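The values are calculated or read from the model by the stated rules, or taken from the named source; none is laboratory data. No experiment lies behind these values; they were computed from the predicted model shown. Every residue, glycine as well, gets a Cβ built from its backbone with ideal geometry; the counts of neighbours run over all protein chains shown. With ligands, DNA and RNA removed, areas are computed over all heavy atoms of the protein, side chains included. Shrake-Rupley method; radii C 1.70, N 1.55, O 1.52, S 1.80 Å.
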Amino acid sequence: MKKSFKITVLPGDGIGPEIMESAIEVLKAVSKKYGVNFEFHEALIGGAAIDKAGDPLPEETLKIAKESDAVLLAAVGGEKWDNLPTDKRPEKGLLRIRKELDLFANLRPGKAYTALLDASPLKENLIKGVDLLVIRELTGGIYFGEPRGIEERGGEKVGFNTMIYYEHEIKRIAKLAFEISRNRRKKVTSVDKANVLEVSAVWREIVNEVHADYQDVELEHMYVDNCAMQLVRRPKDFDVIVTGNLFGDILSDEAGALTGSLGMLPSASIGEKYALYEPVHGSAPDIAGQGIANPIAMILSAAMMLEITCKLPEAARDIENAIDKVLEEGYRTGDIWAPGTKKVGTKEMTEAIIRYII
């Protein structure tokens, strides 16, 4: 088993550097406990890269990422850069690194923590026991389709984008969904809009073809508007949801919000060769530098890295169990705080989690 890993660290913007520091401290604890070595290489992305290098994704960052076993990314963006041209904004760095590394699948777990059931907008009987995974196709669809642009037509401004999917793109994301579901509850919900979109009709056809090799897994098809409703009405019925880039972007945030806080949600973006791990939440510039950000999503993203890239599932479970215990003890950052619990900062939360790992 591999014992040394080269990790590209991209703190990015806003609260990114603070929560990245937490993740690294947790990984150092794992390193000592399991005898593995992590070699961290920090690089620029997003607004921080724009300020220092004039590019949201400098070539040097991409080079370092391609020489690594995995990439840990915290957050990009902020009001400081909102007025830049669209192709120069921090978020373009994130889209480009996903494309350059061919990270075709985004995995976003949505798990309801027993200690945080009160934080969910849903009633306890609906949210208790929810454990689902949204698998979003990440490098195709309307975010990358051509033609795209803004132009004048008939004397008025027009914006246009193209939603397009190739057969191979659908096949590989569907295959991944069925493979992952085999280790879960063996149910895949494929989400599309096949009643009105030709691209979705092709999506559904190809998913059905791939399913022929996974007859042990249940497959259901669902229109995206119905799926959005059913996630609120009966979230426990979902296991793995697989869908395109645009629909996945929206549904994964909805699924995450159901569990109480985006500050609790990790994600993995994986491809044939590379993998990038990042929290679902944004850069939260309004609380940056105050030491009050919730580091749990970033720490859980590191746990996903341990499981998927490093093949250390027991270390990942250690982190998850430590977080469970800390939450049960009442530790809360401001975003998940409730009367009767103990409000702590980023560093205190991190230290409490590490105590249960070592």
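Brief remarks follow.
- Residues considered: 94, 10, 84. Of these, the only one that is under 22 Å from residue 282 (Cα atoms) and at pLDDT 95 or above is 10.
- Residue in the range 73-104 that is most open to solvent (accessible area, probe 1.4 Å), counting only those that are in contact with a Ser or Thr (Cβ under 7 Å, 6 or more places away or on another chain) and either among the acidic types (Asp, Glu) or not in a helix (DSSP H, G or I) (or both): 102
- Conditions (1) touching a strand residue (DSSP E or B) at 6+ places or on another chain (Cβ under 6 Å); (2) of a type in the set (D, E, K, R); (3) free of Cβ contacts under 8 Å to residues at least 12 places away in the same chain; number of the one not met by residue 39: (3)
- Pairs where the first residue, in the range 177-197, is modelled with pLDDT of 95 or more and open to solvent by 80 Å² or more (accessible area, probe 1.4 Å) and the second is assigned to a loop (DSSP other than H, G, I, E, B) and of a type in the set (Val, Ile, Thr), C-beta under 7 Å, 6+ apart: 186/217
- The residues on offer are 346, 333, 341, and the sole one that is surrounded by fewer than 18 Cβ atoms within 10 Å (Cβ to Cβ) and either touching a Pro at 6+ places or on another chain (Cβ under 9 Å) or not charged (D, E, K, R) (or both) is 341.
- Looking across 316, 302, one residue alone is buried (at least 18 other Cβ atoms within 10 Å of the Cβ), free of Cβ contacts under 8 Å to residues at least 40 places away in the same chain, under 30 Å from residue 172 (Cα atoms) and touching a helix residue (DSSP H, G or I) at 6+ places or on another chain (Cβ under 6 Å). It is 316.
- On the stretch given as the range 286-299, residues that are surrounded by fewer than 18 Cβ atoms within 10 Å (Cβ to Cβ) and either in a helix (DSSP H, G or I) or in contact with a strand residue (DSSP E or B) (Cβ under 9 Å, 6 or more places away or on another chain) (or both) total 1.
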